[in-house]
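One structure below.
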Amino acid sequence: MMPITRRGLALGAAALAAAPRLAAAQPSRNVMVGGFDVGPGGYQGNFNPLAATAGYTALNFMYEPLVIYTPALDRIEGALANGWEATAEKTKYTFTLADNVHWQDGQKFTSADVAFTLALAQDAKSGSIFASRLAGIAVTAPDAKTVVLTLTKPNASLPDLLSKLMMLPRHQLEPLGRDGLDHNPWWTKSPVGTGPFQFTHYETDQYVSYKAFPGYRLGKPKLDGLINRYFKDSASAVAALKAGEIEFSYVEPDEARGFTGNKDFRIIEGPSWVLNYIGFNWDAGLWTDERVRRAFLYAINRTEIVKTLFRGAADVADSLFIAPNVTPKTLEKYPYDPARARALLAAAGWEKINGRKPLPWLTYYNTPLIANVMAAMQAMLAQVGVAVVPRAVDVATYNGIVYAKKPDPSAYPLIFAGAQNGPDPAIANIWTAENQIPPNGTNVARIHDPALNAALAAAMAEGDDARRLADWRKVAEVANHDVPLAPMWVAKRYGVVTANVKNFVWQPAPSGGPFAQHAELWAFG
Amino acid sequence: MLRFLAQRLAAAVLMMAALSVLTFGLLRLTPGDPVDAYIDPMVPMTEADIAALRTRLGLDRPLPVQYLAWAGAALKGDLGYSTQKERAPVARLLTQHALPTLMLMGTGLALATVLGIIVGIAGAVWRDSPFDIAVGVLSSLGISSPAFLTALLGVFVFSVHLRLAPSGGMASPGVPVTVANVLRHLWLPASLFAIAQTTLTLRYMRASLLEVLNADYVRTARAKGVAEFAVVMKHALRNALLPVVTLVGANISAAVGGAIFIETVFNWPGMGLLLVNAVEARDYPTIMGATLMIGAAVLLVNLATDLLYAAIDPRIRLQ
């Protein structure tokens with residue numbers, strides 16, 4: 001038997017320590033590994049753009065829409081289409097396709113592919129979640145490079161919707177049929193897009209790998225490949241970042257602070273484009289008097305919460321809208337004033353309406369930060385005589401309650417929620433207009449404010465860009481006066497990328513974008 | 001023996017049927033359904049889109065019809081499609097995820113059983129020695145550490161700071177999968193998984209052996225001049241193992257819970273992670289499939305434990 005010596009032990013220990021380092025072998029150094037589907041903008045395990053409610057950062061590696069937002073999300077520019085022309089009344093859009101676009105299998109991209117994708121997206125049988133939003137749009141392709149969309153009613157938001165509709169290859173998908181297309185193995189075995197990276201492999205629940213597409217319309221990508229690693233939560237992704245296993249991930253605000261001052265990493269900060277608000281369930285019979293709703297805004301010290309709990313990782317919201325161009329500067333700011341809140345509640349007769357009876361306050365936010373934030377708001381509201389009891393549930397439970405066929409207003413007289421709010425202001429219509437109360441839309445607070453309805457309807461119907469902008473400002477003013485919901489803040493979101501990644505474009509866009517991230521330019525250096 | 005086996009298998013089939021009804025019923029009692037989980041509260045979707053999704057997933061049919069349709073297909077081996085994004089067949093998902101869990105649990109339990117028995121024997125033989133006291137303190141710590149905390153601490157120390165193990169996954173992405181690569185991803189989660197099991201096993205082993213070492217037949221063996229090593233290993237150990245076998249059997253069933261935490265923290269693509277994701281997504285077909293698979297595994301382990309009793313102690317007869 002071999003004797004155990006001190007030298008032998010030392011060698012063994014050295015080998016043991018070295019082995020895992022060798023084993024944690026990373027892919028070729030020109031392949032970037034990231035947690036591109038981590039966080040609220042991610043959608044791990046979805047490969048079908050027609051079924052995507054999020055995850056566009058990763059989808060955009062392979063697929064491209066006709067038009068796309070700029071990284072600042074301030075305007076829409078051409079992608080697979082060079083641009084578009086719309087009639088004044090916004091009922092007819094003509095798109096001219098970009099030159100030299102090929103599918104990753106070598107076939108040429110034409111207007112027939114666009115027509116096919118739109119038809120597929122209009123058919124719910126294909127698993128498309130765009131079906132009703134694209135209903136009634138007639139598509140014609142006068143030539144290989146031109147596509148004309150004719151609408152039955154004006155829709156100035158069509159480019160916004162089309163920015164999420166990724167083009168799909170007709171020659172590959174048409175033979176597969178539409179029934180059951182959403183679970184066809186094509187999506188995870190041999191998908192083909194026009195984007196800068198080609199799918200190579202999906203390891204279930206682990207990662208997706210891509211290689212550079214040499215024939216990409218904007219030039220061959222500088223990276224040889226990308227790997228999108230899956231993580232259950234951002235904490236696991238942060239561990240991988242710090243362990244040197246990945247180069248990028250979305251991180252929570254408190255996790256981002258852990259990278260401050262570290263030269264090996266770059267923190268990317270951006271607005272979430274999600275308005276956090278307190279929703280008053282208008283069917284609960286408690287919030288009819290607008291003085292009660294206003295009292296909530298005066299009762300909650302939003303500035304202090306943003307400063308001390310969010311530590312600056314949020315901006316106080318005074319408007320229904322986030323986009324500055326539709327937010328008039330004249331809006332009432334409702335500064336923290338508990339005395340005024342008490343006076344408003346007293347004037348409205350709050351003691352008779354509800355008094356000190358505890359009100360369930362439903363939310364789907366389950367993070368420790370939001371638990372603390374809601375506890376702070378609970379204490380502030382208690383000081384003015386409103387007793388609330390936060391109830392945090394998972395998303396499915398929340399949706400099960402607020403979208404119930406026969407909703408029980410007493411189960412959720414109040415909600416704390418977030419609503420995607422921009423870049424296109426029209427998106428606010430679906431969660432504030434009376435005709436969008438579930439099941440028609442996502443107005444889960446069941447707001448029925450006639451003045452707001454009228455303002456929203458006018459803005460939605462307006463085709464002229466300048467007049468439309470004015471209409472949306474009017475909506476902001478009405479919402480600021482009536483307080484149909486109490487806007488709280490717009491949280492900032494964060495990503496962390498290693499310092500050796502150059503030309504990296506990312507921002508915490510709602511649903512992960514898509515925006516012109518130009519992954520073909522990402523490089524190590 | 002054969003009659004015993006037939007009876008147990010028949011009971012297992014009935015229990016599986018009951019489990020499927022219970023799981024199906026309880027799932028429908030939980031708030032929300034797969035479509036509710038699918039909707040991002042911050043992203044607008046229209047009623048027509050949501051209704052189409054619900055119809056496509058068969059959720060608009062009456063509950064008994066849904067159950068009978070599922071059960072009928074399941075009897076033919078078709079467990080349906082996951083309602084999650086990839087819409088993969090459930091049977092394929094279960095097959096893909098069972099092996100990693102077996103690997104993780106198998107390694108962890110083997111490690112825990114071997115270590116637990118050895119350290120437990122040592123603790124009993126050297127009772128009240130500094131070694132025994134140290135083991136007692138460490139085992140208390142191990143038992144009282146929740147799996148998720150142990151896992152997080154393990155990642156923090158061994159992956160982030162010492163970089164001795166990858167922080168997650170079963171193999172390095174983008175490179176060919178090798179046994180060495182998988183083992184290096186496996187050692188940390190398996191070791192952390194083994195901590196609680198080891199401490200339990202060693203405590204049972206120690207207590208059981210101490211009891212047996214005081215038995216008359218052991219005293220007789222010593223009086224006959226049998227060497228102490230032989231007394232412990234040959235005469236006492238076999239009898240002392242019975243409660244440990246029971247514990248290991250129970251450990252396998254209970255380990256599923258621990259595996260869920262470890263797999264979640266390490267993103268280990270096993271049944272635990274599959275189940276957690278499925279529950280979050282209210283993915284009924286996957287939850288049903290995974291629950292039945294785990295249920296079947298537990299029943300088989302219990303049966304195997306009973307059979308092992310008889311093998312270890314011939315006094316036990318299976319009836």
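The values are calculated or read from the model by the stated rules, or taken from the named source; none is laboratory data. In this text the structure is predicted, and so the values were computed from the model without any measurement. Using ideal geometry, Cβ is built from the backbone for each residue, glycine included, and neighbour counts are taken over all protein chains shown. To get the accessible areas, we keep the full protein, side chains included, count just its heavy atoms, and leave off ligands, DNA and RNA. Shrake-Rupley method; radii C 1.70, N 1.55, O 1.52, S 1.80 Å.
In the set (1) free of Cβ contacts under 8 Å to residues at least 60 places away in the same chain; (2) more than 23 Å from the chain's Cα centre (by Cα); (3) open to solvent by 20 Å² or more (accessible area, probe 1.4 Å), the condition left unmet by B:R127 is number (1). Checking each residue in the stretch B:232-266 for being under 30 Å from A:Y398 (Cβ atoms) and open to solvent by 10 Å² or more (accessible area, probe 1.4 Å) picks out B:V256, B:G257, B:G258, B:I260, B:F261, B:T264, B:V265.
Screening the stretch A:431-443 for residues that are assigned to a loop (DSSP other than H, G, I, E, B) and more than 8 Å from every other protein chain (Cβ to nearest Cβ) and picking the one that is surrounded by the fewest Cβ atoms within 10 Å (Cβ to Cβ) gives A:I437. For the stretch A:217-225, does any single residue satisfy the condition of being open to solvent by 10 Å² or more (accessible area, probe 1.4 Å), in a strand (DSSP E or B) and either touching a helix residue (DSSP H, G or I) at 6+ places or on another chain (Cβ under 8 Å) or under 16 Å from A:Y43 (Cβ atoms) (or both)? No. Residues of the stretch B:156-184 that are more than 8 Å from chain A (Cβ to nearest Cβ) and within 27 Å of A:A212 (Cβ to Cβ): B:P176, B:V177, B:T178.
Could you tell me whether any residue of the stretch A:356-366 is over 19 Å from A:M488 (Cα atoms), part of a loop (DSSP other than H, G, I, E, B), within 14 Å of chain B (Cβ to nearest Cβ) and open to solvent by less than 40 Å² (accessible area, probe 1.4 Å)? Within the stretch A:356-366, not a single residue is over 19 Å from A:M488 (Cα atoms), part of a loop (DSSP other than H, G, I, E, B), within 14 Å of chain B (Cβ to nearest Cβ) and open to solvent by less than 40 Å² (accessible area, probe 1.4 Å).
For the stretch A:106-135, the candidate set comprises residues that are away from chain B (no Cβ under 12 Å) and part of a loop (DSSP other than H, G, I, E, B); within that set, the residue that is least open to solvent (accessible area, probe 1.4 Å) is A:F109. Checking A:D424, A:D408, A:D449, A:D394 one by one, the residue that is of a type in the set (D, E) and at the interface with chain B (Cβ under 9 Å from one of its Cβ atoms) is A:D394 and no other. Pull up the stretch B:62-89, narrow it to residues that are in contact with a Leu (Cβ under 9 Å, 6 or more places away or on another chain) and away from chain A (no Cβ under 14 Å), then point me to the one that is surrounded by the most Cβ atoms within 10 Å (Cβ to Cβ). Out of the qualifying residues, it is B:W70. Where helices (runs of 4 or more DSSP H) fall wholly inside the stretch B:1-114, the ranges with 1 or more residues that are at pLDDT 90 or above are B:2-29. Exactly one residue out of B:L149, B:L153, B:L164 is out of contact with any Ser or Thr (no Cβ under 9 Å at 6 or more places or on another chain), closer than 17 Å to B:F266 by Cα and open to solvent by 70 Å² or more (accessible area, probe 1.4 Å), and it is B:L149.
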